[in-house]
Structures are given as C-alpha cells and as structure tokens.
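One structure below.
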Amino acid sequence: MGRMMRGPAAENAMSALRQDAPGEWQRIGQVLIGAGLVAFGARRGGVLGALALAYGIERLSPLALGGVSLSRLLLSAARTPAPPQSRHFGDGTRDGVDEASWESFPASDPPGRGVG
C-alpha cells in the first residue's frame, strides 16, 4: 500500500490542506448566500426584493469577475475621466467660418423640391 509521510513534508502538506479548505468552504458559502439572496429577491419583488437581489449579485460578482466586486468595478468606471472629444475640422488648418459651416452642414441643405 501507500507510505505514510512524516516530518517536514507531512507538515507542509497538512498546512497546505488547512489553508485551502477554509478558502473553498468560504467560496461555497459565498455562492450559497449570494444565490439565496438572488432567488429571494427575484421571488419577493418590491423594494426589499430589489435590495436583496442587488446584494446577492454583489456577493456573487467577485466569483464571476476574478475577485473584483461589481461595486468597485462600477466606481472605478465612474471615476475614470472620459477622453476629451475634440473634433477639429481639417486638423485645425481651417478657420472658424469653415468649421461653423461644416458643423451646420445638414441644416444648410436646400429643401427638396415638392411633387407638383
């Protein structure tokens, strides 16, 4: 049969098992709590149901997003400034009249001829 490990190798193996086991159980618990809250919120409805649903999704998001919670992801997206949108007509080589003419182009089209 198998040989029993002794000494430092056995202690390292037991230490690794002890460290992995709580993490796995914690993850299972987090899935159960998050899924329970999502199910409760979807079934309940109303304000309390919406809050339970949102909190359940928040609890499940680190598992789906690789450790980043949904609230942190949304906050970082909201805090990131949008790049400035500068549209220069002709790469800045035109004057203000040309640029104003270009920006008002659809409005400056002559009306179409009517039938008749």
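Tabulated data
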read-out: Condition check for Ser15: at pLDDT below 75, out of contact with any Cys (no Cβ under 7 Å at 6 or more places or on another chain), surrounded by fewer than 10 Cβ atoms within 10 Å (Cβ to Cβ) and among the polar types (S, T, N, Q); value: no
read-out: Residues being loosely packed, with under 14 Cβ neighbours inside 10 Å and either assigned to a loop (DSSP other than H, G, I, E, B) or touching a strand residue (DSSP E or B) at 6+ places or on another chain (Cβ under 9 Å) (or both) - total across the range 49-69; value: 4
read-out: Residue check, Ser76 exposed (fewer than 14 other Cβ atoms within 10 Å of the Cβ), modelled with pLDDT of 80 or more and among the polar types (S, T, N, Q); value: yes
read-out: Residue within the range 27-48 that is at pLDDT 70 or above, small (Gly, Ala, Ser) and assigned to a loop (DSSP other than H, G, I, E, B) present; value: yes
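The values are calculated or read from the model by the stated rules, or taken from the named source; none is laboratory data. All values derive from a computational prediction rather than experimental measurement. FYI the Cβ positions are ideal-geometry reconstructions off the backbone, even for glycines, and counts take in every protein chain you see.
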